[in-house]
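Take a look at the structure set out below.
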Amino acid sequence: MVDISNIPSYPETGRTPPTEMELKLKRQERRGAIIRYTILTVMGLIMLYPLIWMVGASFKTNAEIFSSPWFFPKEPTVQGYIDGWKTSTPYTFGHFFLNSLYIVIPKMIGTAISSVIVAYGFARFEFPGKKILFGILIATLLLPDVVTRIPQYLLFRELGWLDTYLPLFVPQWFAMEAFFVFMLIQFMRSIPRDMEEAARVDGANTLQVLWYIVVPMMRPAIISVCLFVFMWTMNDFLGPLIYISSVENYPVSLALKLSIDATEAFAWNQILAMTVLALTPSLVVFFIAQKYFIDGISTGGVKG
Amino acid sequence: MAELQLKSVEKVYGSGFKAVHGINLTVEDGEFMVLVGPSGCAKSTTLRMIAGLETITGGEVRIGEQVVNDLVPGKRGIAMVFQNYALYPHMKVRRNLSFGLKLKKEPQAQIERATDEVSGILEIEQLLDRLPKQLSGGQAQRVAVGRALIKSPEVFLFDEPLSNLDAKLRASMRVRITDLHKRLREEGRPATVVYVTHDQVEAMTMGDRICVMKDGHIMQVADPVTLYERPANAFVAGFIGMPEMNLAPAVLTFDGVPKITLAGQTISIADGLAERLTMRDGPVTFGIRPQHIEPVPLGTPDALVGKVHNLEFMGHEVNMYVTIGDTDFISVVPTDRFDHAVTRGSEVALRPNGARVHLFDKDSGENISLADQQTQN
C-alpha cells in the first residue's frame, strides 16, 4: 500500500501555501499600488488637460470654444485647420514650417558636430589651460541668455546678418551650447577608453577614432542633443523675434503670433489648430527618438 | 616578426611619480615573453609604452631595427589584445576583425581572405555576423585575438587577456594561445609576444621566458624552471610558486657545515648548500618551498619543531600550516604520506631539504645560495 498521509495538501507547485501574513502583505501591496497609480493618473490628466483641450478645441467652432470647458467638440470641424493654414499673409503655414526647418536643420547639425568635437577634446585630451577653459565653459552655463543679447545683436548687425537666419544657427556651429558639451563630456566619461586605444593600435588617427568609434558609441547622447535642439528651436520665439523682421522669413513661432495680431479679430480655432500643427513635429520626433533620448540623458548624468 | 628591445626605459608621470625605473629587456624574435608581477608593478604601463599608448619619458623602445618612441601605435607594427577585449560594440565580428586592414586601405579581396583565414584558425567562422554583445566571454576573447592576428604584426601585445574569464575557460584559452604561438612558429612565421599577467600559473605555463617586475623594476628574467628553481631574490622566490615559498628571518653561521638559527632553533644544512653560498655568516632570510620541507618524527636531528595551526586537505596532498616561532610555515605533504594522527595543535618536526634551501641577503634580498649557478654560467 502507498502511504498518502505525508502528501501535502498543496501538491501541484511543490511550494508551501502562503501564510496569512504573506497574503495580508500582498493585499496591502496591491492596495498601495492602486492608490499610487490612481493619484499618478489623475495628476497626469490634470497636467495634460490643457494640451488635450487644445487638440479638442482646434476642432471646435470659434463660438463653441468659450462655451464649454469640455475638450470634445460637439460639432467637429476642420475649418480652423483650413483657414489657419492659409494665414492672413501671402504665405501658407507650410512656408513658415519650411522657414523653421531652414533654422532647425543647420542648427541641429552644427550643434551636434561642434559639441561632439569640443566634448571629445575636453574628455580625452590633456592640453595647457584645459581646467581654466573647462571652468569658463561651465561658467557660461550660468550666464543668463539675456546678458549676451545686445552685444550679439550689435555684432550681427555689423556683419549685416539681420533679417537672415545666420544669427540663429551660426553661433551653434562653435559649440556655443555649454549644456550639450557638458552632457556629451559626461557621456564620454562613461565610455571605456579601451575601444579608442584599440582603434589607435589598429592604425586610426584622432579623427578616425572619433568618427568610427566614439560617434557610433555616443549615438544616444548625440540623438538627445539633436532632439533638444529641435524642440528648443521649434519653440524659440525670442531669437527670431529679435533678428527676423520680414514676414516672408518668419518661422512657425512668429507666424503663430501673427494670428494673434491686434489688428485682427482673434480666430481662436485657427490659432489652436496651427498650435497643434506646430507642436506635432516636436512630439513626433520625440516619440521616434524616445529610447535614445532617455539613454542619452541618463548615461550622460544629466537627469532632470 | 622582430626582436623587441627596451633600453633604460623610464616612465615619469606629470605628478613626478616614477612608475618605471630604467628597465632593460630584450625579447627575442619569435619569443613568448611574459611580464608578471603584483598590482602596481608597472607591467601594464610597460606594455602600453611598447604599444605607444603611454609616452616614454626616458630610454628607447626598439622594434626590429627601428626606434619607435615617437611613432603612433598604428605605425609601430604591433597588435594588442586588451583585458576586456575592447571589441567595437557597434561593429559585427567580421568588421571588428577587418577594421585595421580597412584603415590601411588593403584591397577588399585580401581583407576577405585574411578574415577567412584568421576566423578559420580561431574557429570563429560562425560568429562573423554577430555583434560583440552576442558573444560569450571566450568567443569575444578569440575575436580579440583574431583582430590582432589578422594584422600580422611584428609584435603581439597581450594585456591580461584572460583575467575576465572563468577558471575553466581561462585554462582552455591558455592552451589555445600557446598552441597558436607554436603553430605560427612551425609554419615559419614566428610571433614575438609580450604577455602581461598577474597570474603566475599563466606566466609559468605560457612563457618561453618570464620577466618578474616589482615597483617598476625588473627583478629577474628567466625561463620558468630557472625562475622556480633559482630565484634571484626573495621577491621572486615569494612570488613564483604555489603555495608561496616559506620565508623567515634567520642567522647563518658556519661550523664546518652551514647552520641556520631560526626562531631559537639551530639546524645544520648539508646537501651541498655550503658550495652554493656566497656568504658564510650573518643575518639572512631563510627560504624553502612548501614541497621541500617535510614532516619527520619528533626528535629527528636538523628539523624545525612547530605547532600545526591549520590543515587543508586538497585531495592528492595536504597543506600543513605550522607555526615555528613567529613565522608560519607551509608544508605540502602527499596525502599517502601524511600522518593522519596529526591534527590542529599537534607538535610536528619539519626538515628542509638542504639541496633546495635558499638563503637571501637580509637587506638586499639577493639570493646568496646560487654560487654554483654563477660558476656554471
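What follows draws every value from the coordinates through simple rules; no lab data is involved. From a predicted model like this one, the values you see are computed outputs, not experimental measurements. Reconstructed Cβ throughout: ideal geometry from the backbone, glycine too, with neighbour counts over all protein chains shown.
Things worth noting here:
- Working value for the stretch B:1-79: equivalent-ellipsoid semi-axes of 20, 15, 11 Å, each the square root of 5 times a Cα gyration tensor eigenvalue, largest first.
- Ratio Rg/Rh, restricted to the stretch A:81-236 and using Cα atoms, in which Rh is the Kirkwood radius: 1.07
- Size descriptor, Kirkwood hydrodynamic radius, that averages inverse alpha-carbon separations across the protein assembly as shown, Å: 32.4 Å
- Across chain B, the mean sequence separation of Cα contacts (distance under 8 Å, 6 or more residues apart), normalised by length, yields a relative contact order of 15 percent.
- Size of the stretch B:153-195 as Cα extents on the principal axes (Å, biggest first): 33, 18, 10
- Here chain B is scanned for chymotrypsin sites (Phe, Trp or Tyr not before Pro) in DSSP loops (not H, G, I, E, B) that have at most 14 other Cβ atoms within 10 Å, and the longest stretch holding none of them is B:18-377.
- Listed by number, the DSSP H helices of chain A that run 18 Å or longer by alpha-carbon position along their axis and have mean Kyte hydropathy of at least 1.6 are A:130-142, A:268-288.
- Helical runs (DSSP H, four residues minimum) scored at -39500 (n - 2.57) apiece and divided by the length of the protein assembly as shown put the mean residue ellipticity at 222 nm at -13500 deg cm²/dmol.
- Which of B:G207, B:V257, B:L157, positive extreme of dipole for the protein assembly as shown (C-beta unit charges): B:L157
- Taking amide hydrogens as placed 1.01 Å from N in the peptide plane, the amide H of B:S346 sits under 5 Å from those of B:V308, each at least 5 positions away in sequence or on another chain.
- Between 0 and 90°, nearest 10: helix B:167-186 axis offset from chain B longest Cα axis: 70 degrees
- Degrees between helix B:108-121 axis and first principal axis of chain B (Cα, 0 to 90, nearest 10): 30 degrees
- Proximal lysines relative to A:K74, as straight alpha-carbon distance under 19 Å, when same-chain residues fewer than 8 apart are discounted: A:K60
- With viscosity 0.890 mPa s and temperature 25 °C, the Kirkwood radius over alpha carbon pairs of the stretch B:4-234 converts through Stokes-Einstein to a diffusion coefficient of 135 µm²/s.
- Average silhouette area of the stretch B:215-346, convex hull of alpha-carbon atoms, in square nanometres: 9.6 nm²
- Formal net charge of residues neighbouring A:R219 (Cβ-Cβ distance under 14 Å; K, R +1; D, E -1): 0
- In this structure, the residue pairs whose Cα-Cα separation is over 31 Å, taken from B:K18/B:K104; A:K107/A:K257; B:K182/B:K214; A:K131/B:K11, are B:K18/B:K104.
- Selected from A:T280, A:T206, A:T77 as most flexible by GNM, with chain A as the system and alpha-carbon contacts under 10 Å: A:T206
- Net +/- balance of residues flanking B:A19 in space, Cβ distance below 11 Å, scoring K and R +1, D and E -1: +1
- Selected from A:T16, A:Q28, A:M43, residue furthest toward positive end of dipole (chain A; charges at beta carbon): A:T16
- For B:R48, net neighbour charge (Lys/Arg +1, Asp/Glu -1) across residues whose Cβ lies under 15 Å away: -2
- Cα-Cα pairs of the stretch B:106-209 separated by more than 20 Å (percent): 40 percent
- Placing unit charges on the Cβ atoms of the charged side chains and taking the dipole of the protein assembly as shown about its Cα centre, the candidate lying farthest along the positive direction among B:G37, A:L143, B:P107 is A:L143.
- Shown here for the stretch A:73-118: trypsin sites (Lys or Arg not before Pro) in loop regions (DSSP other than H, G, I, E, B) with at most 13 other Cβ atoms within 10 Å, namely A:K74.
- For the stretch A:110-154, the equivalent ellipsoid derived from the alpha-carbon gyration tensor has semi-axes of 24, 14, 9 Å in decreasing order.
- Cα principal axis extents for chain A, largest first, Å: 104, 69, 32
- Taking only the C-alpha atoms of the stretch A:13-109, Rg followed by Dmax gives 25.2, 78 Å.
- Per-peptide average of other Cβ atoms within 10 Å, ordering B:167-175, A:33-41 highest first: B:167-175, A:33-41
- When both bridge partners sit in the protein assembly as shown, DSSP labels roughly 80% of those beta bridges antiparallel.
- Net charge dipole size for chain B [Lys, Arg +1 and Asp, Glu -1 on Cβ; Debye, nearest 20]: 1480 debye
- Kirkwood-type radius of the stretch B:33-109, with distances r between different C-alpha atoms, in Å: 14.7 Å
- Entries in A:K291/B:K168; B:K259/B:K307; B:K7/B:K75 that, when Cα-Cα distance is taken, lie over 29 Å: A:K291/B:K168
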